[in-house]
Structure formats: structure tokens, C-alpha cells
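Taking it in order: structure first as C-alpha cells, then the write-up.
The values are calculated or read from the model by the stated rules, or taken from the named source; none is laboratory data. Since this is a predicted model, take the numbers as computed values, not measurements. Note that we place each Cβ from the backbone using ideal geometry, even for glycine, and neighbour counts take in every protein chain shown.
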Amino acid sequence: MPGRSFTRAFKLEIVCQLARGEKRPAQICREQGLAESVLARWRKEYAERGEAAFASQPAPHKALSAEALSAEARIAELERFCGQLALENAVLRKALQRLQAT
């Protein structure tokens, strides 16, 4: 039985709801019929690639120069870093809100 496929927009919305603290992972899994492992994989990809997550990865063209490949690798690294910072910001923002509420 082949697995379901989800749109990039759907996956981004789900991980953003988690990052913003709108819903808990178990709640999303229940509501959307997702396995926890699927949600964990999506969160990991978003943490690594940020807004570039879930986009199809183009196969490198043979004619690309070493400089172009190096630049693409650097961009991918920076996108992962931005995604990681976005998640950390969301977590810190949520923690600050909880501290201010007490």
C-alpha cells in the first residue's frame, strides 16, 4: 500500500503550527491521521532547510562548475541555519510567554 503524499504547503503549515506552539504533536497526529515518525521527519527537514524544506531537490546538472556547486552548497547550509534559528526563536518566544504569564 503506497503512502499518502502531502503538498509542500500542507507540510509547512503543520510544522509552523508546531513551531508557533499552536498545537502539540500528538494533537496534530490525531487530527491529521499522521504517524509520529512522519511528523518527526517533517520537523527535522524544516529545522535543517527552513522555508526551503519540502521542495523537490533538483539533480545537479553535469555542466555546473565547481564554483556553482560550492555556491549551492553554501546556500543550502545557510537555509538550514535559518530554519534552525526560526525554530529556536519560536521555542524561546513560547518560553518567554509562559514565563510572563506566571
query: Filtering region 1-54 down to residues that are in a loop (DSSP other than H, G, I, E, B) and hydroxyl-bearing (Ser, Thr, Tyr), which residue is surrounded by the fewest Cβ atoms within 10 Å (Cβ to Cβ)?
result: 5
Residue among 8, 30, 49 that is of a type outside the set (Gly, Ala, Ser) and in contact with a helix residue (DSSP H, G or I) (Cβ under 6 Å, 6 or more places away or on another chain): 49
task: Scan region 1-36 for residues that are in contact (Cβ under 8 Å) with a residue 24 or more places away in the chain and of a type in the set (Lys, Arg) and jot them down.
output: 8, 11, 20
statement: Only unsatisfied item for residue 71, checking (1) of a type outside the set (Val, Ile, Thr); (2) assigned to a helix (DSSP H, G or I); (3) at pLDDT 80 or above; (4) surrounded by 10 or more Cβ atoms within 10 Å (Cβ to Cβ), is (3)
